[in-house]
Every structure is written in structure tokens, then in C-alpha cells.
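To start, the structure under review is shown below, and the notes come after it.
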Amino acid sequence: MKPHQATRIASLDRTRQAFPALTREDNGHPVAYFDGPGGTQVPRPVADAIVDYLYHHNANTHWAYPTSAETDAALEHAREVFADFLGGRADEIVFGANMTVLTMHVARALARGWARGDEIVVTELDHHGNVAPWVEAARDFGLVVRTARMIPETGQVDWDHFGDQITSRTRLVAVGAASNAIGTVNDLSRAVARARTVGALAFVDGVHFAPHALPDVGALGCDGFVCSAYKFYGPHVGVLWLRRDLLAAADFPRLIPASHDPPERAETGTLNHEGIVGGAAAVEWLASLAEGPTSLRERLAVTYDGLHARGERLLHRLWTGLAEIPGVRLYGPTPDRPRTPTVGFTVADTSSETVARHLAETGVYCSHGDFYAHTVIERLGLHPHGLVRAGCACYTSEEEVDRLLSGVAALATHGAGSIG
Ligand SMILES: Cc1ncc(COP(=O)(O)O)c(C=O)c1O
């Protein structure tokens with residue numbers, strides 16, 4: 001992190017102005033959205049790009065008239081934007097409904113080429129979007145899934161145990177770059193290096209990572225990386241980067257007349273054109289927050305540096321404020337460890353849903369439950385109520401954090417039992 005870069009992004013006020021959702025009120029309170037890890041709000045330029053596509057360029061692909069050619073160009077442009085965003089090549093970018101569907105698709109396509117008894121390693125810390133597809137593929141193709149433990153006290157993967165799961169039969173490790181439940185940022189270089197010792201592939205779930213850190217698939221050294229634009233200010237669309245040779249070779253289910261060339265061979269049926277256009281617009285909007293450099297990737301780097309610095313301040317305020325409230329328990333890595341500004345907590349004797357409902361009455365929107373990271377919740381001993389999750393996004397202010405803290409403090413002090 002270069003501190004001087006932190007000042008080179010749009011101010012918080014200017015950033016917030018782009019989000020119509022921030023004008024919403026609830027019970028007379030402006031709404032503070034801490035639900036970003038479940039899906040962020042959308043800035044106006046992103047919605048405008050979607051509307052512009054639907055109003056003026058809407059068509060199917062590969063035909064001989066202008067709107068079809070414009071659609072081809074828009075999809076090609078989006079592949080280039082996401083190649084810059086992820087650090088790969090445009091012909092390695094695959095679009096799909098969401099991360100889970102894309103991963104289901106990849107898991108089947110790869111597993112079809114493996115032998116019975118081959119192995120896949122997943123982790124307890126992962127969202128089940130990066131577990132279930134591999135479990136399903138294992139069931140269908142006679143593979144073995146091994147699960148690496150998480151350490152409940154630190155919220156990290158037990159890397160020794162992870163290493164123990166890798167054998168000469170391991171074909172792939174599926175690891176999350178960051179935990180959507182408790183914010184842990186994983187040491188991916190360790191996971192990738194361990195996979196490589198047996199020639200296994202590394203597939204990375206970047207859904208919770210990409211809103212907080214600029215991905216770089218080359219630096220990570222992974223073979224696949226998947227994310228979802230609705231977590232970083234875009235619409236609901238999934239984006240996959242798959243190394244070109246894998247993309248060309250994997251046995252994707254296909255329709256005979258459809259293109260067999262990468263990346264289209266991995267995209268079954270007609271795509272969500274407007275979602276893809278909006279996803280690319282979200283990346284371009286993020287880049288537009290940077291002042292200075294000219295290339296998209298460089299501007300993204302400046303934006304992410306600036307947002308990271310802001311996020312660290314918010315995280316510190318949120319974490320220390322919550323820690324001071326009697327009865328509040330925090331989970332996951334402490335702020336001095338690699339993590340995102342996503343904080344999971346509980347309030348003594350109060351269900352996570354009760355806390356979330358109480359906060360919502362004051363316009364503070366937090367998610368609750370297991371967030372599909374249900375092995376995390378089990379290992380933390382929090383089944384069935386789960387956690388309250390407060391995630392800071394690019395539009396989060398210190399004042400909003402303070403409102404969240406006051407709401408939790410009021411609930412903790414005035415006896416949660418009476419409220420819920
Ligand atoms: C870390 C993580 N992985 C995977 C997913 C699943 O993503 P999608 O909803 O795009 O299938 C989510 C969604 O919340 C997530 O947070």
C-alpha cells in the first residue's frame with residue numbers, strides 16, 4: 001500500500017452521490033447498507049449502462065445487422081474489461097449466471113476427464129458455492145473429496161491439515177480467497193504452492209475478495225478464479241477466468257451448433273447481455289474513482305489502494321467499537337491480520353435475526369445467518385442462528401459505523417430478551 005495513492009481517489013461524498021439507494025430512508029433514518037458481502041448497491045452509471053444496452057443495442061449475437069454487431073462488440077469489450085480486472089486475457093473470460101452455476105459447470109467439465117478415485121480438496125472456511133459443485137462432481141464421477149479444517153479461534157484455514165489432505169491422487173484444490181462470513185483473507189500462495197507439489201490445479205473463489213482487493217490471477221498462479229459482479233457494484237452476473245489451455249480442453253456440455261472455441265465453448269446458451277454490460281460498467285466505474293493513471297488496470301490499482309485504506313479505518317472503528325460493548329463477541333481474524341472489512345459478531349442471549357431486525361428499525365441493514373458458509377458457522381458453534389454480518393463497502397461512512405455501534409450497544413444494554 002502506497003499511502004500517497006490513498007488520496008488519489010474520489011472523496012467519500014462524491015462516491016456516495018453515485019448511489020441512488022443512499023437516498024432511501026427507513027423509519028425516518030437514512031439507510032446504512034452493511035449488507036455488501038451479500039450484494040452491494042449499484043451506482044447510477046452502471047444502471048445507465050444496462051438501460052442504454054436494453055434501449056438501444058439489444059439483440060442476439062453474431063448476426064448481420066447493427067444491434068447484433070453492437071452486442072458482439074459490447075460482449076467483447078466486457079471480456080477485455082474483465083481481463084484487465086482479473087489480470088488475465090480476454091479469451092479466458094467466461095460469463096455465467098453467478099459464481100455457483102459457473103463453478104458447477106467447471107467442476108463437471110473437469111471431473112469428466114479425471115479417473116475414479118481421484119481427489120479434490122475443499123475447505124471448511126469456504127462458501128458452499130466452492131464446495132457443493134466439487135462434492136456433486138465427486139458423487140457423479142466417483143471422486144473423493146477431502147476437507148481441510150478451519151481453526152475456529154483464528155478464523156483461518158489450518159494449513160497443516162490442508163497439506164495433509166493433498167496426496168498423489170489430488171487433481172484440484174478449491175479455495176476461497178476471502179471468507180464471506182468472517183472476512184479472513186487466505187494465504188493463497190500457500191494453497192497454490194501445495195497443490196503444485198503434486199501437479200494439482202488450484203481453483204479460487206474470489207467472490208468476497210474481488211470487492212476488496214484487485215485480483216491478479218497471474219500473481220496468484222491459480223488455474224481458475226471466479227467472482228460475481230453484484231458484490232462489487234454491478235448487476236447479478238458471474239465471471240470466470242479459466243487458464244486458456246484448460247478452457248480449451250475441459251469437457252463442457254455443449255450444443256452441436258454452438259461455438260466450440262474458447263471462451264464461448266464454456267458459455268451454454270444465450271448470455272445475460274445487459275448483466276455483462278453492467279458488470280463491465282461496474283469495473284469501469286471503480287476505475288473512474290481514481291485520479292491519475294490512464295490504463296484501466298492502473299486506475300483500478302489506485303482505486304483499490306484508496307478503498308483499502310478507507311476500509312481499514314472503518315474496520316478498526318467497527319471492530320474496536322463492537323469489542324467494547326458487553327456481551328458482543330467477534331469472530332474471525334483480528335484487524336491486524338489479513339482480512340476484509342467484513343465483521344461477524346453475536347450479541348449474548350440474542351439471536352442474530354433479532355439483532356438484524358433491531359438494527360433495521362434504525363435504518364441499519366446487516367445480514368444474519370450462515371451466508372451459505374455453513375461449515376464456518378458449525379465450527380464456530382453458532383448453528384442454527386449464525387452470525388450478524390456487517391460489511392463495509394465503498395460508500396460506508398464513519399457516521400454509519402457509529403450508528404451501527406449505538407444500535408448494538410442499545411440492544412446489548414437494554415436487554416435483548418425483551419426485544420426478541
Ligand atoms: C465467498 C462467496 N463465494 C461464493 C458465493 C456464491 O456466489 P453466487 O451468488 O454468485 O453464486 C458467495 C455469495 O455470497 C460468496 O460470498
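The values are calculated or read from the model by the stated rules, or taken from the named source; none is laboratory data. In this text, all values refer to a predicted model and were calculated from it rather than measured experimentally. Here Cβ is always computed from backbone atoms with ideal geometry, including for glycine, and neighbour counts include all displayed protein chains. Remember, those area values only see protein heavy atoms, side chains included, never the ligands or the DNA or RNA. Shrake-Rupley method; radii C 1.70, N 1.55, O 1.52, S 1.80 Å.
Filter the chymotrypsin sites (Phe, Trp or Tyr not before Pro) in the stretch 23-109 to those in DSSP coil with at most 16 other Cβ atoms within 10 Å of their Cβ, and list the result.
Values: sites: Tyr33, Phe34, Tyr53, Tyr55, Trp63, Phe82, Phe85, Phe95; in loops: Phe34, Trp63.
Answer in residue order: Trp63.
Going highest first, how would you order 41-48, 232-239 by mean Cβ packing within 10 Å? If you can, show how the numbers build up before the last one.
Values: 41-48: 18.5, 232-239: 24.5.
Final packing ranking: 232-239, 41-48.
Taking the Cβ of Glu274 as the centre, find all other residues whose Cβ is under 14 Å away and add up their charges (Lys, Arg: +1; Asp, Glu: -1).
Numbers: positive: none; negative: Asp48, Asp52, Glu70.
That works out to -3.
Per q in 0.16, 0.18, 0.23, 0.26 1/Å, what log10 I(q)/I(0) does a Debye calculation on the alpha-carbon atoms of the stretch 124-188 return?
-0.54, -0.68, -1.04, -1.23
Using only the C-alpha atoms of the stretch 285-325, find the volume of their convex hull and express it per residue in Å³.
So the per-residue hull volume is 54 Å³.
Taking every pair of alpha-carbon atoms in the stretch 290-420, give the share separated by more than 22 Å as a whole percent.
Percent of Cα pairs beyond 22 Å in the stretch 290-420: 40.
If I histogram all Cα-Cα distances within the stretch 71-198 using bins 5 Å wide from 0, what percent of pairs lands in each bin?
Answer for the stretch 71-198: a P(r) of 2, 10, 17, 19, 20, 15, 10, 5, 2, 0 percent.
Taking the convex hull of the Cα atoms, report for the stretch 207-308 its projected area averaged over all directions, in nm². Spell out each step's value before the answer.
Details: hull surface 29.1 nm².
Result: a mean projected hull area of 7.3 nm².
Counting only other residues whose beta carbon sits under 9 Å from that of Ser367, what net charge do I get with K and R as +1, D and E as -1?
Summing Lys and Arg as +1 and Asp and Glu as -1 gives 0.
Using helices alone, what [θ] at 222 nm do you get for the chain, with -39,500 (n - 2.57) per DSSP H run of 4 or more residues, divided over all residues and rounded to the nearest 500?
When only DSSP H runs of four or more count, the value is -12500 deg cm²/dmol.
Can you send over the solvent-accessible area of Ser397, 1.4 Å probe, protein chains only, in Å² to the nearest 10?
We get 10 Å² for Ser397.
Taking only the alpha-carbon positions of the chain and ignoring solvent, what does the Debye formula give for the base-10 log of I(q)/I(0) at q = 0.12, 0.14 Å⁻¹?
-0.99, -1.29
Just to verify a number: what accessible area does Leu411 come out at with the full protein assembly present, 1.4 Å probe, Å² rounded to tens?
Approximately 0 Å² of Leu411 is accessible to the 1.4 Å probe.
Kindly give the semi-axes, whole Å and largest first, of the ellipsoid equivalent to the stretch 68-137, taking each as the square root of 5 times a Cα gyration tensor eigenvalue.
In descending order, the three semi-axes are 29, 14, 11 Å.
Using a 10 angstrom Cβ neighbour count of at most 10 plus a DSSP loop assignment to flag exposed GluC sites (Glu not before Pro), which longest range of the chain is free of such sites?
It works out to 154-323.
Over the alpha carbons of the stretch 145-282, what is the largest minus smallest coordinate on each principal axis, giving the biggest first in Å?
Largest first, the stretch 145-282 extends 47, 35, 25 Å along its Cα principal axes.
Among Thr184, Thr40, Thr23, which one shows the biggest mean-square fluctuation in a GNM of the chain, springs joining Cα atoms closer than 10 Å?
Answer for the Gaussian network model of the chain: Thr23.
Order Arg297, Arg389, Arg244 by their accessible area, 1.4 angstrom probe, all chains in place, largest first.
Reading off the accessible areas and sorting them downward yields Arg244, Arg297, Arg389.
Using a Gaussian network model of the chain with C-alpha springs under 10 Å, which one of Thr154, Thr100, Thr123 is most mobile by mean-square fluctuation?
Answer for the Gaussian network model of the chain: Thr154.
Give me the mean projected area, in nm² to one decimal, of the convex hull enclosing the Cα positions of the stretch 1-109.
Across all orientations, the stretch 1-109 yields a mean hull projection of 11.1 nm².
Could you tell me, in Å, what Rg and Dmax come out for the Cα atoms of the stretch 93-133?
Values for the stretch 93-133 (Cα only, Rg and Dmax): 11.3, 31 Å.
In a shell of Cβ-Cβ distance under 13 Å around Ser397, excluding Ser397 itself, what net charge do Lys and Arg (+1) and Asp and Glu (-1) give?
+1
Averaged per residue, what accessible surface does the chain expose to a 1.4 Å probe, in Å²?
Accessible surface, normalised per residue, equals 41 Å².
Quick one: check the C-alpha center-to-center distance for the stretch 288-309 versus the stretch 340-392, whole angstrom.
If we compute the Cα centre of each part, the gap is 32 Å.
In a Gaussian network model over the chain where Cα atoms closer than 10 Å are linked, find which of Asn98, Asn272, Asn130 has the largest mean-square fluctuation.
Fluctuation is largest for Asn272.
Report, to the nearest whole %, how much of the accessible area of the stretch 189-285 belongs to carbon and sulfur atoms, 1.4 Å probe, protein only.
Heavy-atom surface of the stretch 189-285 belonging to carbon and sulfur, 1.4 Å probe: 55 percent.
Could you state, as a whole-number percent, how many of the C-alpha pairs of the stretch 370-419 are farther apart than 13 Å?
Tail of P(r) above 13 Å: 68 percent of Cα pairs.
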